[in-house]
Amino acid sequence: MIGRGAGGRGSGGGQEAGEAEESAMRKQNSKFKTSFLSEEGTELRNLDCFSYIELSDFACYVLSDGLPGPSKRDPGRMAAEEILSRFQARPACSKRALRSYLRGANESFRKEGEERPEASVLLVLTDYRSFYYAGAGNVRLRLYRNGETILKSRDNSYAAELAEREEIPEDAVSLHEERQNLSAYLGQKHFHPYLSKRIPLSDSDILLLYTKGIWENLHEGEIAEIFEHSGADGEESIALLEKSLLDRHPARLDNYSAAAIYVDKVFLETDSGKRRRRRRIICALLLCLLLFFLLFLASFFYRKWRRELREDLQSYRLRMESYLELENFGRAREECEKAEKKAELLRDREERESLNRYLEALSAILDADEKFSEKRYQDAKSDYELLLRRLPYADNVGLDHIRERIRFIDGSQLVERELNDGEILFEAGVYEGARERYREAKDLSRELSYEEGKIRAEEKLTKLEKELAKQQSEEKSAAEEQAGQLVRANSLISAGDQALKDGDLLSAKANYETAKALYEKSGESAGADSLSEKMDSLSQRIQADEEEGRAALRYRQAGDDAAQRGEYEKAEENYDYARRIYQKLREEIEVISLDQRIRDMQRKREEQKDEEGQRETGDGGREGKGEEGDNGKTSGESERRETEKVSEESGGRETEKGAERSGGGEEAVLSAETGSERWP
């Protein structure tokens, strides 16, 4: 029989049938009547659901209370359907079956994702002689027998835990603010429902299942009053329970559901069934005897096998200890691993833990030794020091070896420091201090048998001795070189003085700078200071020449501008001023270039005069003028040549005159640019 209720009421029951096969038709030889109700109260939606299935040998009753949440599904109905579908697939009545049905339902809830439903649930399984129940949440169960309450389920809530610790009265759980704070419910990640043991049933027992909509509004005593003294009519008791609830007229009434299972008759075996059961018991005893004999044989061989394992274990352990004395940690670890496998087969926890500590220590020693062999001394030292703290738990295995390695590492680090300090002193030129450090490093390396450090110290000592010999040779060479540099510096100063007399200022400056550098390199600061003063004076003269050079450039530019305008006389005068300055500055290339330009201006000026004369006198006059022009040109050229000759003969006087006239160079440039007749 299958019954469901999610908003309504109903009843159902089995009937007696003594003719049926007892082992397969327990339901027909028992009488269970079920009455239930489920209403929404003042809520808009009823999330409670009661469902049950009564099969030939087993029955399953489920009352669920859906918790409000984001899920669009009805969590109460979903819980009942998930549990009953699993019961129908594999019907059973055991604690294991309870766990299987509830876990399967919880997994289905969890698969819904973030919008998964949640529900309180109470599940009852029966074989019509006894029952098991499981609870997750705050749906309650009561068992009434002969007018007394003999079983109460316990809520999975924080309020129930407070009552169990006697921090609040048990009657206060129904109204406590933490009654909805559940520790177990369907949809939970870590799901741990309450599972009961087997509970026998008797005739006239009443099982009552009800949700929080009832127990929040009715006292336990009122509910017990109804069912402890009820008759055989479950529907009447359910109706009376609902009437008592509604008579309270609560302002807010949650969904309320209740199911009463009246056990009028439990299943009892007949005489034929008892005989079959006795035959099964005899067969079982014979089978047990056979199994006992087989177990005896197995135990005999098992003890023999364990004895051999124990002997092998002791043998491996003794060999491990022998290798430890020889500090052969690799072979010791191999024997320890073999011994640990034997201890694991023996399930000897204490021996296995002891060997495991040995194995960890040996593995750590070998790892540290590997780093030591790779000369990763700092990493190896860290591992050795960590091992020292752990060794007391492994009988101080390899203690002397580890201490010796740490002493070696500390000593080698000291050797390295001495060598590094010696190297610093060596680089700084403190050779005696470096020699002392190298000797200390050599002595310590010999004490530690640190061959690498000893060899390096000897190499550095050899290098130091060579450097000392080299230094002495260099000092001698430096003294000789210094003397040579002073001689060369004096020679350069003489050459600079001569260049200065000759007017070659740049050569003089170059010689003075080289001589100054040699003085500074030789440590002759007085000579360098004297040259600095002379070079400052020379620099001023060079700067003055540069100013004159810029003035000459302006004259030349003014001459170019005048030539472009056809003012050849003005161009000639500017070129002449520029030439005189360049001649003073000994710029021979510029002087030659300007001479050429002056001649060009003179030629163009004469040509210009000839053209003008021809235009004035016509053809006849042009001939006379031509002769005069030729005479004038010849006369002008003669005068120009005479002037150049005088300039060459009296170069010093012309230079001074040009320098005096160069003061008005800027005015001449400006006049040339504007076409004015104002010349200096």
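So, in the stretch 361-380, how many residues would count as being basic (K, R) and either touching a residue at least 12 places away in the same chain (Cβ under 8 Å) or buried (at least 20 other Cβ atoms within 10 Å of the Cβ) (or both)?
The total comes to 1.
Exactly one of (1) closer than 28 Å to D205 by Cα; (2) loosely packed, with under 14 Cβ neighbours inside 10 Å; (3) among the charged types (D, E, K, R) is unmet by E115. Its number?
With respect to (1) closer than 28 Å to D205 by Cα; (2) loosely packed, with under 14 Cβ neighbours inside 10 Å; (3) among the charged types (D, E, K, R), E115 is out only on (1).
May I ask you to say which residue of E216, E220, E148 is assigned by TED's automatic domain parsing to the domain that holds G113, in contact (Cβ under 8 Å) with a residue 40 or more places away in the chain, among the charged types (D, E, K, R) and more than 26 Å from D264 (Cβ to Cβ)?
E216
For residues that are surrounded by fewer than 24 Cβ atoms within 10 Å (Cβ to Cβ) and among the acidic types (D, E), scanning just the stretch 33-63, find the one that is farthest from S237 (Cα to Cα).
D57
Yes/no matrix, rows are residues, columns are (1) part of a strand (DSSP E or B); (2) closer than 30 Å to A105 by Cα:
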| site | (1), (2) |
| --- | --- |
| R142 | yes, yes |
| Q180 | no, yes |
| L208 | yes, yes |
| G213 | no, yes |
| L218 | no, no |
| E225 | no, no |
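What single numbered condition from (1) more than 38 Å from the chain's Cα centre (by Cα); (2) part of a loop (DSSP other than H, G, I, E, B) fails to hold for K375?
(1)
Scan the stretch 348-360 and report the pairs whose first residue is modelled with pLDDT of 85 or more and whose second residue is crowded, with 19+ Cβ neighbours inside 10 Å and outside any helix (DSSP H, G or I), with Cβ atoms within less than 8 Å and a gap of 6+ or a chain change.
Correct list of pairs: Y358/V397.
Applying the selection to the stretch 394-435, what residues are under 30 Å from L362 (Cβ atoms), β-branched (V, I, T) and part of a helix (DSSP H, G or I)? Walk me through it before giving the result.
Let us first name the residues in the stretch 394-435 that are under 30 Å from L362 (Cβ atoms), namely 394-416.
Going one step further and asking which of them are β-branched (V, I, T), we end up with 397, 402, 406, 409, 415.
Matches in the stretch 394-435: I402, I406, I409, V415.
Look through the stretch 533-549, keep the residues that are loosely packed, with under 15 Cβ neighbours inside 10 Å and over 20 Å from E590 (Cα atoms), and return whichever of them is modelled with the highest pLDDT.
Here the answer is S539.
I'd like the residue in the stretch 90-125 that is within 18 Å of C60 (Cβ to Cβ) and of a type in the set (K, R) and, out of all such residues, is nearest to the chain's Cα centre (by Cα). Steps first, answer last, please.
Just the residues of the stretch 90-125 that are within 18 Å of C60 (Cβ to Cβ), to begin with: 90-106, 108, 119-125.
Narrowing the set further to residues that are of a type in the set (K, R) leaves 90, 95-96, 99, 103.
Numbers: R90: 51, K95: 49, R96: 47, R99: 43, R103: 39 Å.
Ranking the qualifying residues of the stretch 90-125, first place goes to R103.
So which residues in the stretch 311-339 are surrounded by fewer than 18 Cβ atoms within 10 Å (Cβ to Cβ) and touching a Leu at 6+ places or on another chain (Cβ under 7 Å), if there are any at all?
Of everything in the stretch 311-339, those that are surrounded by fewer than 18 Cβ atoms within 10 Å (Cβ to Cβ) and touching a Leu at 6+ places or on another chain (Cβ under 7 Å) turn out to be G330, E337.
Select from the stretch 84-107 the residues that are in contact with a Leu (Cβ under 9 Å, 6 or more places away or on another chain) and among the hydroxyl-bearing types (S, T, Y) and list them in ascending order.
Within the stretch 84-107, S94, Y101 qualify.
Being touching a Pro at 6+ places or on another chain (Cβ under 9 Å) and buried (at least 18 other Cβ atoms within 10 Å of the Cβ) is the requirement here; does Y577 meet it? Walk me through it before giving the result.
Details: touching a Pro at 6+ places or on another chain (Cβ under 9 Å): yes; buried (at least 18 other Cβ atoms within 10 Å of the Cβ): yes.
Here the answer is yes, as Y577 does meet what is asked.
Within the stretch 291-305, can one find any residue that is touching a helix residue (DSSP H, G or I) at 6+ places or on another chain (Cβ under 9 Å) and either in a helix (DSSP H, G or I) or assigned by TED's automatic domain parsing to the domain that holds S354 (or both)?
So the first thing to find is which residues in the stretch 291-305 are touching a helix residue (DSSP H, G or I) at 6+ places or on another chain (Cβ under 9 Å), and the list is 305.
Checking which are either in a helix (DSSP H, G or I) or assigned by TED's automatic domain parsing to the domain that holds S354 (or both) leaves us with 305.
The answer is yes, given that some residue of the stretch 291-305 is touching a helix residue (DSSP H, G or I) at 6+ places or on another chain (Cβ under 9 Å) and either in a helix (DSSP H, G or I) or assigned by TED's automatic domain parsing to the domain that holds S354 (or both).
Considering only residues that are of a type in the set (K, R) and within 24 Å of R116 (Cα to Cα), look in the stretch 178-230 and name the one that is surrounded by the most Cβ atoms within 10 Å (Cβ to Cβ).
Start the filter on the stretch 178-230 by keeping residues that are of a type in the set (K, R), which leaves 179, 189, 197-198, 212.
Imposing the further condition that a residue be within 24 Å of R116 (Cα to Cα) reduces the set to 179, 189, 212.
Numbers: R179: 20, K189: 6, K212: 23.
Top of the filtered list is K212.
If the Cβ limit is 6 Å and pairs must be 6+ apart or interchain, which residue in the stretch 381-407 that is free of Cβ contacts under 8 Å to residues at least 12 places away in the same chain pairs with which residue that is among the hydrophobic types (A, V, I, L, M, F, W, C) and assigned to a helix (DSSP H, G or I)?
Final answer for the pair search is L399/L391.
Take L414 and tell me if it is within 43 Å of the chain's Cα centre (by Cα) and under 30 Å from Q472 (Cα atoms).
Values: within 43 Å of the chain's Cα centre (by Cα): yes; under 30 Å from Q472 (Cα atoms): no.
In short, no.
Provide a single number: the residues in the stretch 313-350 that are farther than 30 Å from E370 by Cβ and of a type outside the set (A, V, I, L, M). So that I can check it myself, show each step before the final result.
From the stretch 313-350, those farther than 30 Å from E370 by Cβ are 314, 345-350; that's our starting set.
Still in the list and also of a type outside the set (A, V, I, L, M): 314, 347-350.
Adding up the residues that qualify gives 5.
Quickly run through the stretch 89-123 and pick out the residues that are among the hydrophobic types (A, V, I, L, M, F, W, C) and closer than 17 Å to H192 by Cα. Spell out how you get there, then give the answer.
From the stretch 89-123, those among the hydrophobic types (A, V, I, L, M, F, W, C) are 89, 92-93, 97-98, 102, 105, 109, 119, 121-123; that's our starting set.
A97, L98, L102, A105, F109, A119, V121, L122, L123, listed by residue number.
Return a yes/no flag: does the stretch 483-502 have any residue that is part of a loop (DSSP other than H, G, I, E, B), out of contact with any helix residue (DSSP H, G or I) (no Cβ under 7 Å at 6 or more places or on another chain), on the phi > 0 side of the Ramachandran plot and modelled with pLDDT under 85.
Of the residues in the stretch 483-502, the ones part of a loop (DSSP other than H, G, I, E, B) are 502.
Right, trim to out of contact with any helix residue (DSSP H, G or I) (no Cβ under 7 Å at 6 or more places or on another chain) and you get 502.
Applying the additional criterion that residues be on the phi > 0 side of the Ramachandran plot yields none.
Looking for residues that are part of a loop (DSSP other than H, G, I, E, B), out of contact with any helix residue (DSSP H, G or I) (no Cβ under 7 Å at 6 or more places or on another chain), on the phi > 0 side of the Ramachandran plot and modelled with pLDDT under 85, one finds none in the stretch 483-502, hence no.
The values are calculated or read from the model by the stated rules, or taken from the named source; none is laboratory data. Every value quoted in this text rests on a predicted model; they were computed, and no experiment measured them. Quick reminder, even Gly has a Cβ in these numbers, built from the backbone with ideal geometry, and neighbours come from all protein chains shown.
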